[in-house]
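The structure under discussion appears below in the form of structure tokens.
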Amino acid sequence: LLTLWTALADDAGNYSVIVSNAYGVLTSAPPATLALNTAPVLAHIPDATIPDGYLFSFRAFATNLDASDQNLTFSLLDGPPGCDIDPTSGEFTWTPDEVTGPGDYSLVILVTDDCSPSLSATQSFNLRVIEGNSPPSLAPVPDLVAYVLKPIFVTNVATDPDWPPNHM
């Protein structure tokens, strides 16, 4: 008699296996181990609103319940240009520039274990980029000679790095 079943994640563990034939019954020693690979789980990533021109970063966290010695690899499946995720640590970074903001972006992070076959999980989240207000810059003013009771005239030149530029 051969009994088979479809193993589920909750079935992982040690089992005594009984093998019998026409001459008798034998029990395996030590017990057989049923090791299953379950997909990693990514923690929830909340949606966020960020200003353009400023660094946005967070660390994606994932767990794998079946083995502590599995390595997890992070990657970005979908996102705007310039964003990045560290494949080992899950550290996500992005500094949206004037071209990418304002705007709404959907992103998808993937985490994969290194078992065979490998399993993975995804987490989607949204980022809203709003117009940031970067400080204007003032061109250097050359050294001047001042005379008593004589007016000094200085022309200042300022630029605004925002797009479109703000009125100064």
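The values are calculated or read from the model by the stated rules, or taken from the named source; none is laboratory data. Worth saying up front: this structure is predicted, and the values here are computed from it rather than measured. Cβ sites come from the backbone with ideal geometry, for glycine too, and all protein chains shown count toward neighbours. For the accessible areas, the whole protein counts, side chains as well, though only heavy atoms, and no ligand, DNA or RNA atoms are used. Shrake-Rupley method; radii C 1.70, N 1.55, O 1.52, S 1.80 Å.
Kindly indicate whether any position in region 134-142 is touching an Asp or Glu at 6+ places or on another chain (Cβ under 7 Å), touching a residue at least 40 places away in the same chain (Cβ under 8 Å) and within 27 Å of Met168 (Cβ to Cβ). So far as region 134-142 goes, yes, one or more of its residues are touching an Asp or Glu at 6+ places or on another chain (Cβ under 7 Å), touching a residue at least 40 places away in the same chain (Cβ under 8 Å) and within 27 Å of Met168 (Cβ to Cβ). Determine, yes or no, whether Leu149 is surrounded by fewer than 14 Cβ atoms within 10 Å (Cβ to Cβ) and on the phi > 0 side of the Ramachandran plot. So Leu149 fits the description; yes.
Could you grab me the full set of residues in region 97-126 that are aliphatic (A, V, I, L, M) and loosely packed, with under 15 Cβ neighbours inside 10 Å?
Val99, Val108
So, in region 152-168, exactly how many residues are in a loop (DSSP other than H, G, I, E, B), without any contact (Cβ under 8 Å) to a residue 24 or more places away in the chain and open to solvent by less than 80 Å² (accessible area, probe 1.4 Å)? Residues in region 152-168 being in a loop (DSSP other than H, G, I, E, B), without any contact (Cβ under 8 Å) to a residue 24 or more places away in the chain and open to solvent by less than 80 Å² (accessible area, probe 1.4 Å): 2 in total. If you go through region 137-146 and pick out every residue that is open to solvent by 80 Å² or more (accessible area, probe 1.4 Å) and in a loop (DSSP other than H, G, I, E, B), you end up with 5.
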